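K.L.:
Starting off with a structure, shown below.
Nothing in this text is a laboratory measurement; each read-out follows from the coordinates by a stated rule. This structure is a prediction, so every number in the text was calculated from the model and none was measured. Note that each Cβ is placed from the backbone with ideal geometry, even for glycine, and that neighbours are counted across all protein chains shown.
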Amino acid sequence: MEPRAYLPIVTNGTLPPFLGKVVHIHSTAATHWSGETSYWNHVDQAVVNNMVNLGLMTLTGAGTVGDAWRTLIPGYQVGQKVAIKVNFNNCTSCDSTSGNIDALIEPVNAVAGGLLQIGVIAEDICVYDAVRALPWRFVNQDLHGVRFFDGRSGDCGANAGFIQEPASRITFYPPPDVTAAPEYVTNVLMNATYLINMPIMKGYHSLAGVTLGFKHHFGTINDCASVHSLVDVKPTGYRSDYNGLVDLMRSPLIGGKTVVTIGDGLFAAKNWVQPPVIWTTFSNQVPNSLFFARDPVAIDCVMHDLLLAEGATRYEHANNYLRLAGEAGLGVFEQGTPWQTPYGSGYQSIQYQRIEI
């Protein structure tokens with residue numbers, strides 16, 4: 001079976017305007033953190049609201065937040081569900097107060113507020129990590145009455161759940177000498193019409209190299225452990241011709257439902273299982289950044305390049321999945337220098353725009 005295309009690279013002879021476009025909003029006022037374990041208590045919701053709204057309007061060229069969301073979800077009808085994938089890979093209990101990097105509620109609140117403006121009902125906004133816990137410190141700071149789903153059998157949020165049936169199966173297309181076990185998408189996403197991908201800018205991972213918008217969906221499928229061998233970039237396991245992350249994003253169940261990726265770099269981390277740290281490329285502060293794109297490849301490229309500049313990727317081929325994804329037609333691949341001024345000059349194909357507020 002031939003792989004199914006995800007995004008058309010050419011439409012009526014021209015490139016879709018969103019391909020390759022990445023908006024980076026930076027504000028030193030977004031956080032006020034001095035190394036406390038409870039970093040999540042040191043975020044300014046009003047500033048994050050402004051960052052999200054400006055990022056989406058800049059990305060879409062819209063004059064209002066509502067129009068930005070109408071551009072991203074032009075066919076929205078009341079009753080359709082919008083899933084928001086967040087990352088809690090370091091959280092295994094509802095009352096977790098681990099200081100290791102996980103998702104923040106503030107960007108989710110900002111996104112939900114915008115969705116409400118176009119008529120999305122709060123209970124149809126479904127925030128999930130299907131294999132981890134969503135802690136009370138996150139859920140209890142919800143401002144709009146959205147619904148939460150996790151992998152803890154209903155202990156924290158509702159149970160995300162999986163039904164292993166053909167309709168929810170992810171199809172992998174590995175080389176003949178590679179075995180891929182069946183994987184199934186969570187019920188939350190199966191019941192949703194649209195998906196907003198909200199990964200964290202996280203560095204070194206012992207297998208995949210980095211954890212960004214693609215690998216983030218290990219929290220969307222039922223058994224990510226069986227996929228680890230398909231994404232290995234260690235010298236002993238790396239192969240240049242295949243990476244299972246491409247098949248995840250190419251799936252119509254994941255990439256086909258994604259309307260926007262919002263990368264959380266407010267704190268970020270150089271290692272997937274560590275607390276936030278300051279970054280030299282952000283003047284020895286936390287990044288205080290949010291990234292916006294409709295192109296899943298380009299936004300991961302920018303975040304990867306920032307991680308690379310910090311020495312947060314230990315494997316030479318950590319971005320090979322992005323090269324393969326670009327070749328597969330999922331978006332624009334390029335390696336550049338987004339930390340250098342003038343911002344954007346380090347790319348030729350990616351349209352990188354950094355805005356300070």
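K.L.:
Report, for the range 24-352, the % of DSSP beta bridges that are antiparallel, rounded to 5. Spell out each step's value before the answer.
P.N.:
Values: 16 of 36 bridges.
In the range 24-352, approximately 45 percent of DSSP beta bridges are antiparallel ones.
K.L.:
Additional query: Going by how many other Cβ atoms sit within 10 Å of their own, how do V52, V273, V65 line up, fewest first?
P.N.:
Values: V52 24, V273 15, V65 21.
Listed from fewest to most nearby Cβ atoms, that is V273, V65, V52.
K.L.:
Any number yet on Rg/Rh for the range 138-200, C-alpha, Kirkwood?
P.N.:
On the way: Rg = 15.3 Å, Rh = 14.2 Å.
Radius of gyration over Kirkwood radius for the range 138-200 works out to 1.08.
K.L.:
Now for a different question. Mind jotting down a quarter of the surface of the convex hull over the alpha carbons of the range 24-352, in square nanometres, one decimal?
P.N.:
Numbers: hull surface 61.3 nm².
Its Cα hull, projected and averaged over all orientations, spans 15.3 nm².
K.L.:
Can you list residues whose amide H is under 5 Å from W279's amide H, if they're 5+ apart or on another chain and H is modeled 1.01 Å from N?
P.N.:
Under 5 Å from the amide H of W279: N284, Q285, V286.
K.L.:
Return the tail of the calculated pair distribution for the range 115-155, meaning the percent of Cα-Cα pairs more than 11 Å apart.
P.N.:
Values: 534 of 820 pairs.
Tail of P(r) above 11 Å: 65 percent of Cα pairs.
K.L.:
Report the number of Lys pairs in the chain whose alpha-carbons are under 14 Å apart, with separation of 8 or more residues or on distinct chains.
P.N.:
Details: K81/K257; K85/K215; K85/K257; K202/K215; K202/K270.
Here the count comes out as 5.
K.L.:
Right, another one. So what is the 222 nm mean residue ellipticity for the chain from helices alone, if each DSSP H run of at least 4 adds -39500 (n - 2.57) and you divide by all residues, rounding to the nearest 500 deg cm²/dmol? List each step's numbers first, then the result.
P.N.:
Numbers: 8 runs with 74 residues, N = 357.
The helix contribution divided over the chain gives -6000 deg cm²/dmol.
K.L.:
Could you please report the charge total around Q77, scoring K, R as +1 and D, E as -1 over all other residues with beta-carbon less than 14 angstrom from its beta-carbon?
P.N.:
Numbers: positive: R70, K81; negative: D124.
Its environment carries a net charge of +1.
K.L.:
If each residue's Cβ is checked for other Cβ atoms within 10 Å, how do T60, T186 rank with the fewest at the top? Could the numbers behind the result be given before it?
P.N.:
Numbers: T60 22, T186 30.
In order of increasing Cβ crowding within 10 Å: T60, T186.
K.L.:
Using Cα centres only, tell me the gap between the range 21-46 and the range 128-205 in whole Å.
P.N.:
That distance is 25 Å.
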